[in-house]
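Q: Please read through the structure below; I'll follow up with questions.
Please treat every number below as a calculation from the coordinates, not as lab data. What you see is a predicted model, and the numbers here were worked out from it, not measured in a lab. Please note: Cβ atoms are built from the backbone with ideal geometry, for glycine as well, and neighbour counts cover all protein chains shown.
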Amino acid sequence: MPFELIRKQFPVRLSFALTINKSQGQTIGNVGIYLPNHVFSHGQLYVALSRGVSAQSTRVLVKHSVIEGHEGVFTKNVVFKEIFERVDPTTTIRYDIDYNHTTI
């Protein structure tokens, strides 16, 4: 053979990526959340954080984490307050993260 082949192997781990919207309704064992920017829609942060089965198996990387006047790592949670203005104050809404179950 006129040339010599050299082979290099790299360790590869199978992984999958989903958007926050596509993950809605899923329960995922190990979750990594990458937020290069703040979330931009009502409920997105909640959906992203509640997909994992535990806090120990959920990791969050926030790229732009500076919020003026605060120290630490932050991201903004978008809430449209108009939604809550139309809710009957006598209605009780409970969310149980352990069972992914909403009761009204």
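Q: What is the set of long-range amide H partners of Val53 at a cut-off below 5 Å, with H atoms built 1.01 Å from backbone N?
A: Ile28
Q: Let me ask something else. Sorting His38, His70 on the 10 Å Cβ count, fewest up front, what's the list?
A: Ordered from fewest to most neighbouring Cβ atoms within 10 Å, His38, His70 come out as His70, His38.
Q: List the residues, sorted by chain then number, that are 5 or more residues from Gly32 or on another chain and whose placed amide H is less than 5 Å from its amide H.
A: Arg59
Q: Please report the net charge: other residues with Cβ closer than 12 Å to the Cβ of Ala48, K and R +1, D and E -1.
A: In short, +3.
Q: With labels modelled as points extended 7 Å from the Cα through the Cβ direction, what inter-label distance (nm, one decimal) is found for Tyr46 paired with Leu18?
A: Reported label-point gap for Tyr46 and Leu18 is 1.8 nm.
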